[in-house]
Amino acid sequence: MVQVVVGQAAESERLIAAALRHCVFPLAEMERVRRDGPTVYVRGEGTHLWDADGRAYLDMMSSHTRANSLGYGNREIAAAVGEQLATLHYVGTVANLAPPTIALAAKIAELTPAPLSKVLFVNDGSEAVEAAIKLAKQYHLHTGKPRAHKVISRWNAYHGATMGAQAATDWLGTRHVSEPGVPGYSFIPGPTRYRNPFGMEEDAYGDFCADYLEREIQHQGPDFVAAFIAEPVMQANGVQIPPAGYFRRVRDICDRYGVLLIVDEVICGFGRTGAWFASDHWGIEPDLMTMAKALTGGYVPMGAVAARAEIVDALPVFRHVHTFSGHAGAAAAANAAIGIVEREGLIGRGRENGAWFLGELQAALADHPIVGQVRGLGMWLAVDFARDKRTKEPFADDTVAEIVRRMHQLGVIASPIGTAFELAPPLIASRADLAQTVEIAARAIDEVARERGLV
């Protein structure tokens, strides 16, 4: 146990009090924040964080948002950003560019699936989705479907917090409270693991979801549908890996009706699933691809949209702009982060360590009475829970959240996500880090289950 010295405790209390007075806490339940206070972290190194009281944590979420793929305290990235800021920090937008921005666009075109060769930079994932939707609509305006404004998304999808991206979102309760929103959006089912609303077998449900897309396009009218947007691996209720043939059918359906396919790689991109992009696992060839988070390793805010050349080239003017699009400092961070991933072989390392981690978690947890399924792809994993393993009934109370709180108390950071908790370790995590996480997860699950009379 860490001993908190008097001066350290006083500083922690001062920071928490100032935060409660002046900070807004998005998505946080304010009753809990006022009762327990926010967690103030003051230092990070590698896979570890230290809070204001001096307590150390093994961060197995890459900073809660899964962005810190290269861990904390990477001086190479910090130096690259500092050098670029001192040389030329910002030159505006529109047709004004700096060399690192051009180099980054070329590198993204090299790494993404072959049809994607043009890149637009923004500040985060929400803006990337917003820009992708605008590109899709404006493309159709100039290429024979001038009334195509509708966007089809999926149940429980998350695509962002700006109004256009939020309109495509069906997770975290962010859309309804802001409605009426942007018109023209509809939702269909998407593939899920372990349980689905119709009680179908997983592969059959995946086929059903693809069929539903075609019926929805027909229902909305192909001439009015601009795009279908999908996360390659959905986050809702933890790491929803699609059946192998799902996206092949989606691509065929979109082509048949002249609908653009937007693949949202904001979470998955840059190694999270054991490939540069999750699209690579299934040979997906998007028309537009969004990315952010691990693009810079989380060191500087940045997002991007990669597009087929014919989409961008069809527009005499793309009617959209961001003040800090392609910021030179952010581009320097991204170039450095990508260089580290390549040099250190972190895509392959993450794939191998992720498979090992999944096996260890399954061996330790799968037979527990309240664990329904342990699943994952690369360095993104989930433990899904069931009150009744026979019916797969999920917990309706705070059992999952309490398990995650217990893990935090024991020094490991995970994140509750609906019926499951998820783990998204930095790509640099060692097997010792992963083994410690397995041990703590097993202990937390068993302690909470016994305390609540579930075993």
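None of the figures in this text is laboratory data; all of them are computed from the coordinates on show. Because the structure is predicted, anything quoted here is derived from the model rather than measured. We place every Cβ from the backbone using ideal geometry, glycine too, and count neighbours over all the protein chains shown.
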Spin-label model distance (nm) - residue 344 vs residue 91, 7 Å beyond Cα toward Cβ | 3.0 nm
Local electrostatic count, residue 324, Cβ distance below 15 Å [Lys/Arg +1, Asp/Glu -1] = -3
Enumerate the amide H contacts of residue 417 below 5 Å, restricted to partners 5 or more residues apart or on another chain; note that Pro and chain-start residues carry no placed amide H.
-> 422
Magnitude of the Cβ-charge dipole of the range 76-344, K/R +1 and D/E -1, about the Cα centre, nearest 20 debye?
-> 500 debye
Local net charge near residue 238, Cβ-Cβ under 10 Å (Lys/Arg +1, Asp/Glu -1) = 0
Report ³J(HN,Hα) in whole Hz for each residue of the range 21-27, in order, from the Karplus equation J = 6.51 cos²θ - 1.76 cosθ + 1.60 where θ = phi - 60°; Gly and Pro get x.
-> 6, 10, 9, 9, 10, x, 6
Note down the magnitude of the dipole of the range 4-108 about its Cα centre, charges +1 on Lys and Arg C-beta and -1 on Asp and Glu C-beta and zero elsewhere, to the nearest 20 debye.
-> 180 debye
Work out, step by step, the length gained on full extension between residue 102 and residue 257: first 0.36 nm times the residue separation, then minus their alpha carbon distance; give nm to one decimal.
-> 52.4 nm
Rounded if a/c is under 1.5, else prolate if a/b beats b/c, else oblate: with a ≥ b ≥ c from the C-alpha gyration tensor eigenvalues square-rooted, which is the range 1-121?
-> prolate
Each residue of the range 245-262 in turn: what ³J(HN,Hα) in whole Hz from Karplus with 6.51, -1.76, 1.60 and θ = phi - 60°, glycine and Pro shown as x?
-> x, 4, 6, 4, 5, 4, 4, 4, 5, 4, 4, 4, 10, x, 9, 6, 9, 9
The range 16-59 and the range 156-232: distance between their alpha carbon centers, rounded to Å = 34 Å
Rounded if a/c is under 1.5, else prolate if a/b beats b/c, else oblate: with a ≥ b ≥ c from the C-alpha gyration tensor eigenvalues square-rooted, which is the range 164-277?
-> rounded
Which far-off residues, 5 or more places away or on another chain, put their amide H under 5 Å from the one on residue 188, with H placed in the peptide plane?
-> 153, 154, 155
Within the set 118/293; 107/145; 134/293, which residue pairs have Cα atoms separated by over 28 Å?
-> 107/145
Run the dipole for the chain about the Cα centre, Lys and Arg Cβ at +1, Asp and Glu Cβ at -1, nothing else charged, and hand back the magnitude in debye, nearest 20.
-> 500 debye
What residues from the range 49-72 fall in the zone where the backbone N is under 15 Å from a label point 7 Å along the Cα-to-C-beta line of residue 409?
-> none
Using alpha carbon centroids, what distance separates the range 389-425 and the range 318-353, in Å?
-> 30 Å
Virtual spin-label span in nm between residue 109 and residue 367, 7 Å along Cα→Cβ = 5.5 nm
Report ³J(HN,Hα) in whole Hz for each residue of the range 412-422, in order, from the Karplus equation J = 6.51 cos²θ - 1.76 cosθ + 1.60 where θ = phi - 60°; Gly and Pro get x.
-> 10, 9, 10, 9, x, 8, x, 7, 10, 10, 10
Which shape class applies to the chain: rounded if a/c is under 1.5, otherwise prolate when a/b exceeds b/c and oblate if not, where a ≥ b ≥ c are the square roots of the Cα gyration tensor eigenvalues?
-> oblate
Sorted from fewest to most neighbouring beta carbons within 10 Å, what does the list 23, 268, 209 look like?
-> 23, 209, 268
